[in-house]
Structures are given as C-alpha cells and as structure tokens.
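Below: the structure, in structure tokens.
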Amino acid sequence: MSALHRRGFLGLSGAAALFAAGCTGSVGGGAGQPQAPSNTLRLFTYEGDETIDRFKGRIAEFDAEAGLTTTVDSLPGSGAAVYPDKLRTELLGGKGPDVWRIWGGEIGRPFVTAKQAADLAPYYDRLGWNDRIDGNAVAGMTFDGVKAGVPLNAAALGAFYNRELLQKAKIDSDPQSYAELEEFNEKLVAAGITPAGLGGKYGWHIMRLFEYLLEHTAGPELHDQLLTGAASWDTPEVVEAFTLFKKWQDSGWVPEGALGLDPSDIEPAFIQGKTAYTITGPWIESGQIAASGKSPDEFGTFVLPTDQDQLRFSGFVEGYMLNARSGNLENAAKLLDFLARPETQKALQNPGATVAGAEPDPKTHPMAAQWAEYRKEHAFYTIQDQAFPKKEADQYFTVQSDILQGSISPAQAAKRMQEIVSAWAKG
C-alpha cells in the first residue's frame, strides 16, 4: 500500500443470545478489577454468516494448539451502525470479551480513550508483529502513540459487477470517467437492469456512493479537509455531490426504496443477477461469491473513476483489540499471534491481509489479487463512517436519508453537514 490513512460490515436476531453469552469468558469482577486468569477466552466479532464457520474452524485449531477454549460470538449485519454500541455496552457492564474485532479510525479510538483496549506495544516487540504486519495498517490502529490494535485487514472499495448483465446491456468496457459511469448506468436502465445495488438501512452502505461522489466533486485535498473539519462543508463542491447523490436515486440508478433496504440483502444482489453491480470490497469474492457456488470469472471489478489527477478509492483498516481488564492478556495475545500468521490468513481467505506472505492467489481469487495491486498503486481516502465518531456518523446518515426523501435540498444538506462537523471539530 502506497498510502493508508488513519481513519462498513456485514441480523441482529442473535443479539439476545449474544448478551447471554457475554456472561462467559475471562473478563469480569468488580468495576475496574480484572478477573483471575483461566483457560477460556471469549472473542466478539462481526464475521459474516458466509465465513463464520471457516473462522471458527481456525479458532478450534488454535485451541487445540494452545490448550485453551475460545468462545466466538458474532453479530453480523449492521456494521458500524450497531456493533460498536453493543460492544461498548458489554464493556461498561463489566462482561466484555477478551478479544474483539473492530475498525480503525474514529470507530476504534473511543475504546482506547476509555482505556478499555490494552496497549499492545510490548507484544508487537516480543512477538515480532512490527516485522510481520504492514506499518501503514498499524498506523490505522495507533491512537496518540498507543498501539491499541492488530490490523489484519486493509480494505479498499470499488465496483463489483455481473458480467452477464453488462453483456445484456451491450457494455463492453469499464467506465474511465464519471460521465462514462453515468452512461454505463443509463445503458443498464435501458436494458431493464437496476445498476447499483445499495441499501440505506443503517446508513453506511449507501454512504459508499456519496463519499465517492464527494471525492469526484471535491478532489482529494478538499475531501480530506472536510473529514477533519479543516474546510467548510457549505461549499459548491459539497452541494454538487449531494445533487448527484439525489440524481442517482431519481434516475433509478439505485433500487427503488433503497433507503429501507438491508445491506446484507441488497449487496449480493449482483451475484444473483438482480442488480448489475455494487460498491464493496474484495471480501465479497471469498465470501458471497464463493458461497454462491459461482465462478469468480462470472464477475469483474473496477476502480470508480473520479476525474481527479490522483485516483483514490475508499478504504479502511480493521483488526483486533484486547480487553485491558482481561485476566488472560497473555493467552489473548497468543490468539492474535495465531491470527497474524500468514498460513492462518491464507486459510481464512482474507483478501486484504496485511500480513507478509498472505497475499491473495490470483488463480483462486483474481479480483482480490487485482485489488491487492490497486492498493499498492493508489492511496485511500478515509471511509466516512470511520472518519467520524459514532454520534456524528449517525447525524450524517440522517442527512443522507433526508436528502433522498426530498425533505431537504442539496444546499441545506451541505449547511447541515457543516453544523455537524464543525461542532465535532471544535470539541
């Protein structure tokens, strides 16, 4: 990766069982008191249903090797809109997991600020993680000098499409400009095909479209400044991005009723032949496409064109943190060390592995390998639900919803975003 900034996933039906499971593990005791060490660990994740068995299989392998028993609880479906709050509730209640999966940026930061996540610097030194894990990715989970996470995935987002549907619409090349992308969409609509499978439930999925449009209209420098509050959102470039955002809905380039669609339902629609493409990352290949039984050759991918001199795409890092109150930090660190092995990452088929020696095989995962090369050639811009803290991200999602419903204008949306971001930046 040439550049990776410090800044969602894949419902909620298992939440009750999850909280019951939260009473197990090796973290607890009185407020602020770690529990005595034991031979059990609890890991909380948002692993998708299509990959959870594969993940649990690797954890069972670790348990056999280490002589431990690890419980894996997963909450897939709602991504950054719900998962961090569930985790925070557990930690505040004193029943949190020993290990948890989390995104970097402003999603991961609060757990470090609250001193709930352990400082992993000693383990980086002792276990050699500095030599094994991409340094740019490590920076994405380092907060005010504290190495609080082990980033095992560096993700990049682009368009993933169904070749058969593009052929039906007589499309024989990837769009090279934003104007060509609009023509691409129009050809699909004319052929009776919904172009972009994006859902608005929880906000983060359709956000991928708006952040791309903002990169197109604002360009890299202004886009980055907007995400930190260093520049005003009340500008023509932001108004133009919101105008295009509404145009995508009004032109039928996203599904009818997109705001109410669950991402876990609409994202794989291109695999099922119901939409032409979606905006996602290469995990779709090892997850949804593999689960469908279809060949990767039936699909393709491209970087969304921005018309900017510097071509960038949305990206983020994610990995694992350890509970600072766990009585089992040493065993938990052993688990992270196991997950950070190249052979483990290969077995997990992680398309964005940050571990040296775990790069995707182009013969079995051609699209993931293609994106591994893209990550070397191009910089990321920060995915927006990691650029903002949870409160501001939720407010941002409300603005998205309001503009698509027509209750505010693009100019009003830009002003509202400026109010949201400036208040956060001042704080």
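For the reader, a short list of remarks on this structure follows.
- E377/Q225 FRET efficiency (R0 25 Å; Cβ-Cβ; nearest 0.05): 0.55
- Straight-distance candidates among the lysines for linking to K168, with alpha-carbon spacing under 21 Å and chain neighbours fewer than 8 residues away dropped: K187, K274, K294.
- Sites Q167 and D250 - FRET efficiency at Förster radius 35 Å, r taken between beta-carbons, to 0.05: 0.85
- Estimated FRET transfer efficiency when R0 is 30 angstrom, pair D394-L92 (beta carbons, to 0.05): 0.95
- Residue order, fewest to most beta carbons within 10 Å, for L213, L322: L213, L322
- Residues whose amide H falls under 5 Å from that of A324, counting only those 5 or more places apart or on a different chain, are A117, A118, with hydrogens built in the peptide plane.
- Label point at K346 placed 7 Å out along Cα→Cβ; residues across the stretch 284-299 whose backbone nitrogen lies under 18 Å: 286
- Between D402 and D53, the simple spin-label model (points 7 angstrom out along Cα→Cβ) gives 4.6 nm.
- Given K201/K391; K201/K247; K170/K201; K346/K376; K86/K115, the pairs whose alpha carbons are separated by over 21 Å: K170/K201
- Derived scalar couplings between HN and Hα for the stretch 306-319 equal 10, 6, 9, 4, 9, 7, 10, 9, 5, x, 7, 10, 8, x Hz in order, rounded to whole Hz, by the Karplus curve 6.51 cos²θ - 1.76 cosθ + 1.60 (θ = phi - 60°), x for Gly and Pro.
- For the pair K294 and S409, label points projected 7 Å from Cα toward Cβ lie 4.2 nm apart.
- Helical runs (DSSP H, four residues minimum) scored at -39500 (n - 2.57) apiece and divided by the length of the chain put the mean residue ellipticity at 222 nm at -13000 deg cm²/dmol.
- 3J(HN,Hα) from dihedral phi, the stretch 59-72, Karplus parametrisation 6.51/-1.76/1.60, rounded to Hz, x for glycine, proline: 5, 4, 5, 4, 4, 5, 6, 9, x, 10, 10, 10, 8, 10
- 20 Å cut-off, amide nitrogen to a point 7 angstrom out along T69 Cα→Cβ, residues in the stretch 289-327: 326-327
- Here the residues T113, T51, T235, ranked from fewest to most Cβ neighbours within 10 Å of their Cβ, fall in the order T113, T235, T51.
- Using θ = phi - 60° and Karplus 6.51 cos²θ - 1.76 cosθ + 1.60, couplings along the stretch 177-192 (whole Hz; Gly, Pro as x): 8, 5, 4, 5, 5, 5, 5, 4, 5, 5, 5, 5, 4, 4, 8, x
Every read-out reported here was derived from the displayed coordinates using simple, explicitly stated rules and does not represent laboratory data. Everything numeric in this text was worked out from a predicted model, so none of it was measured. A quick note on method: Cβ atoms are made from the backbone with ideal geometry, for glycine too, and the neighbour counts reach across all protein chains shown.
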